[in-house]
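S.K.: The following block contains the structure, expressed as structure tokens.
Where a number appears in this text, it was derived from the coordinates with a stated rule and is not lab data. Quick caveat, the model's predicted, so the values are computed rather than measured. When we count neighbours, we look across all protein chains shown, and the Cβ atoms used for this are built from the backbone with ideal geometry, even at glycine.
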Amino acid sequence: MPTALIVGGGLGGLAAAIGLRREGWTTVILESAHQINEVGAGIQLPANSGRILVKWGLREKIEKVACRPVTTRYWRYDNAAPLSKWLYPPEELTGAPYWNIHRGDYQKLLLAEALSPVLSSPVPNPGPPLTTFTNTTVSYVDCETASVKTADGRSFSGDVLIGADGVRSVVKVAVTGEPDHAKPSGDQAFRFLIPVEKVKEHRELDFVLDRAVNNHLGPDAHIVHYPVHGYRIINVICVSRDTGLTQESWNQQGSREEVLKAFDGWSPEILKLLSLPDKYLKWQLIKREELPTWVRGKTALLGDACHAMVPYLAQGAAQAVEDGAALARALGSGLPVDVALRAYENVRKPRTTAVMSGADDARTSYHMHDGVPQMKRDNAFKKGWGKGSISPHWAYDAEGEMNKHLNELISRDGTPENAPRPHARI
Ligand SMILES: Cc1cc2nc3c(=O)[nH]c(=O)nc-3n(C[C@H](O)[C@H](O)[C@H](O)COP(=O)(O)OP(=O)(O)OC[C@H]3O[C@@H](n4cnc5c(N)ncnc54)[C@H](O)[C@@H]3O)c2cc1C
């Protein structure tokens, strides 16, 4: 059984591990943290990643901990006037519901699936349960031989090496041969969780409890909030101009004063919401430009390692999950590893570049100062009031697109004589 060595046990690395197990691979994750865990924050799980998880048999497990919003709503920043209210599309159009989930719940669910002796949606001849090495920081990468060395002197190798090591990826540096180019985006984010019980003490915040993703738009800033963790917690993300106080870290503490200062002039309801938590986390938001390549030798990149983006389309983790599923499909095709990795790059790089650029456009639209373009935006939002909205990104079928490309390759070039037959699912 071929072995995939995966650097990084974030959402992307775990998705790749599950996908590859389903294709009959042995999977090993090397993770620098002392345990595979996620920070205390919520995340939107759009249908394009949801459809992959549904196919993997995880629907029931997700439904137990996630929330399913009915609408996405837009509000004006200074007087909380509603700008629009769109309905999420029916599942038949996107292949899965739209969910919101606590990152910890998401991570646990994927890890449990990767480690489980039995897959939730069984396939013939799956790979064995995932092996994980925590406290294991990769410091040297040989892309041609799919081997790595760790900071404490251990060596690992596999038949393929996957760099799922996030925005400061060491594997990315080895693949591109260039120093890291992820850059501050100019924005920062404060994130916090508020127990629903605490929100219920304030009648003016009743709207926060609805089954909705709420977006409050203001000059150079916006706020997003929605329920997670079985409707017991409200997750809030506040984006504003980077004041130079933040660094790129998932665990930097912010303060109530900082948040209130950044949102001075916003409506009393919003300021009340922002004043409720006891603990605030803050991030510097980082982004990458499109990389020249994601692949070298027997090594490929996925997730934030190759396409870190601003989070304004809620697609970063969703793209990492799509990458994991598509990469597994390519490697499960029976094509030689180098051909499979190129096929993966050919399909995934244009897709994620388009999503990155959509996220930049969303920033321009969300952060408008008051004026004619902002009035035009608000009028456009109002026209959609009460209608179903479908982002082109949500209906994307990552495994289907990968299969299409593999089929084209195989019918054009055939498979090498000594290569195993392509997997029956193509
Ligand atoms: C404020 C904010 C809000 C967001 N909201 C959403 C949202 O609603 N929906 C969505 O889809 N996305 C969202 N995202 C994006 C999403 O969080 C990321 O795109 C996603 O977590 C990336 O996953 P990953 O597995 O690629 O990387 P990571 O989650 O960064 O995982 C990388 C892993 O690699 C490990 N690692 C790093 N270096 C090494 C090394 N040298 N050796 C071993 N291990 C290593 C790290 O410890 C980490 O566990 C948001 C991001 C931000 C900042």
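S.K.: Going highest first, how would you order 190-202, 51-63, 371-383 by mean Cβ packing within 10 Å?
M.R.: On the way: 190-202: 16.5, 51-63: 18.6, 371-383: 12.9.
Highest to lowest by the protection proxy: 51-63, 190-202, 371-383.
S.K.: Considering only lysines 8 or more places apart in sequence, or on different chains, count the pairs in region 138-289 whose C-alpha atoms sit under 29 Å apart.
M.R.: Value for region 138-289: 24.
S.K.: How would you order 12-20, 86-94 from highest to lowest mean count of nearby Cβ atoms within 10 Å? Write down the numbers at each step before the final one.
M.R.: Values: 12-20: 29.9, 86-94: 15.4.
The peptides rank, most packed first, as 12-20, 86-94.
S.K.: Quick one: Cα centre-to-centre distance for region 182-200 and region 142-165, in angstrom?
M.R.: 35
S.K.: Okay, next question. With each run of n ≥ 4 DSSP H residues scored as -39500 (n - 2.57), what mean residue ellipticity at 222 nm is computed for the chain after dividing by its residue count and rounding to the nearest 500 deg cm²/dmol? Intermediate values should be presented prior to the final figure.
M.R.: Values: 14 runs with 150 residues, N = 426.
One gets -10500 deg cm²/dmol as the mean residue ellipticity at 222 nm.
S.K.: Now, a different point. How large is the dipole of the chain about the Cα centre if only Lys and Arg carry +1 and Asp and Glu carry -1, each at its Cβ, rounded to the nearest 20 debye?
M.R.: Values: 49 positive and 48 negative charges, 157 e Å.
Here the size comes out at about 760 debye.
S.K.: A further question on this structure: Give, in whole angstrom and from largest to smallest, the semi-axes √(5λ) of the equivalent ellipsoid of region 10-111, with λ running over the eigenvalues of the Cα gyration tensor. Walk me through the numbers on the way to the answer.
M.R.: Numbers: eigenvalues 185, 66, 20 Å².
Computed over region 10-111, the values are 30, 18, 10 Å.
S.K.: Going toward the positive end of the dipole of the chain, with +1 on Lys and Arg Cβ and -1 on Asp and Glu Cβ, which of PRO268, ALA330, SER155 do you reach last?
M.R.: PRO268
S.K.: While we're here: Going by amide H atoms built from the backbone, whose H comes under 5 Å of the H on ALA33, apart from near neighbours?
M.R.: For ALA33, whose amide H was placed from the backbone, the distant partners under 5 Å are ASN135, THR136.
S.K.: Additional query: Just to check I understand the Karplus step: with θ = phi - 60° and J = 6.51 cos²θ - 1.76 cosθ + 1.60, what whole-Hz values come out for region 159-168, glycine and proline as x?
M.R.: Each residue's phi maps through the Karplus curve to give 7, 8, 10, 10, x, 10, 9, x, 5, 9 Hz.
S.K.: For the chain, what is the percent of antiparallel DSSP beta bridges, rounded to the nearest 5? All intermediate terms of the calculation are to be shown ahead of the outcome.
M.R.: On the way: 49 of 71 bridges.
Among the beta bridges of the chain, antiparallel pairing accounts for roughly 70 percent.
S.K.: Of the peptides 131-137, 308-314, how do they stack up when ordered by the mean number of other Cβ atoms within 10 Å, highest first?
M.R.: Working: 131-137: 15.7, 308-314: 22.6.
Highest mean packing first, the order is 308-314, 131-137.
S.K.: Turning to a different aspect of this structure: Quick one: the Cα spread of region 236-322 along its three principal axes, in angstroms, biggest first?
M.R.: 55, 23, 21
S.K.: While we're on this one: Each residue of region 180-189 in turn: what ³J(HN,Hα) in whole Hz from Karplus with 6.51, -1.76, 1.60 and θ = phi - 60°, glycine and Pro shown as x?
M.R.: Running phi through 6.51 cos²θ - 1.76 cosθ + 1.60 with θ = phi - 60° gives 5, 10, 5, 10, x, 7, x, 10, 10, 10 Hz.
S.K.: What list of ³J(HN,Hα) couplings, whole Hz, do you get for region 397-404 from phi and the Karplus terms 6.51, -1.76, 1.60, once you set θ to phi - 60° and write x for glycine and proline?
M.R.: Values per residue, Gly and Pro as x: 10, 4, 5, x, 5, 5, 4, 4 Hz.
S.K.: With both partners inside region 150-308, how many of the DSSP beta bridges are antiparallel, as a percent to the nearest 5? Don't skip to the end; give the middle numbers.
M.R.: On the way: 32 of 35 bridges.
The antiparallel proportion sits near 90 percent.
S.K.: Stretched out fully, how many nm does the piece from ARG154 to LEU209 gain, at 0.36 nm a residue minus the Cα gap?
M.R.: Details: separation 55, 0.36 × 55 = 19.80 nm, distance 4.96 nm.
Full extension of this stretch gives 14.8 nm more.
S.K.: Here's another thing I want to ask about it. Given region 132-259, what whole percent of its Cα pairs are spread farther than 21 Å? Could the numbers behind the result be given before it?
M.R.: Details: 4865 of 8128 pairs.
Pairs farther apart than 21 Å: 60 percent.
S.K.: What's the extension gain from LYS200 to ASP78 if we count 0.36 nm per residue and subtract their Cα-Cα distance?
M.R.: Working: separation 122, 0.36 × 122 = 43.92 nm, distance 2.22 nm.
Full-extension gain reported as 41.7 nm.
S.K.: Using bins 5 angstrom wide from zero, how does P(r) for region 294-344 break down, in % of all Cα pairs?
M.R.: Spelled out bin by bin, region 294-344 gives 5, 22, 27, 21, 13, 8, 4, 0 percent.
S.K.: Further question on the same structure: Give me P(r) over the chain, computed from all C-alpha to C-alpha distances, binned every 10 Å, as integer percentages.
M.R.: 5, 22, 32, 25, 12, 4, 0, 0
S.K.: Of GLY127, HIS405, HIS229, whose Cα points farthest to the positive end of the dipole of the chain (charges on the beta-carbon: +1 Lys, Arg; -1 Asp, Glu; origin at the Cα centre)?
M.R.: My answer, from the dipole projection, is HIS229.
S.K.: I want the antiparallel fraction of DSSP beta bridges within region 1-143, as a percent rounded to 5.
M.R.: Working: 10 of 18 bridges.
Bridges in region 1-143 are about 55 percent antiparallel.
S.K.: 5 Å is the cut-off here: which amide hydrogens, built 1.01 Å from N in the peptide plane, fall below it relative to LEU301, excluding neighbours closer than 5 in sequence?
M.R.: GLY163
S.K.: Cα centroids of region 87-134 and region 334-405: how far apart, whole angstrom?
M.R.: 22
S.K.: A further question follows. Can you give the convex hull volume per residue for the Cα atoms of region 344-399, as a whole number of Å³? Spell out each step's value before the answer.
M.R.: On the way: hull volume 4.4 nm³, N = 56.
Normalising the Cα hull of region 344-399 by residue number yields 78 Å³.
S.K.: Right, something else. Could you tell me how many degrees, from 0 to 90 and to the nearest 10, lie between the Cα long axis of helix 316-331 and the main elongation axis, the longest principal axis, of the Cα atoms of the chain?
M.R.: 20
S.K.: Gain in length, SER357 to LYS261, computed as 0.36 nm per residue apart minus the alpha-carbon separation, to one decimal in nm?
M.R.: Numbers: separation 96, 0.36 × 96 = 34.56 nm, distance 2.98 nm.
Result: 31.6 nm gained on full extension.
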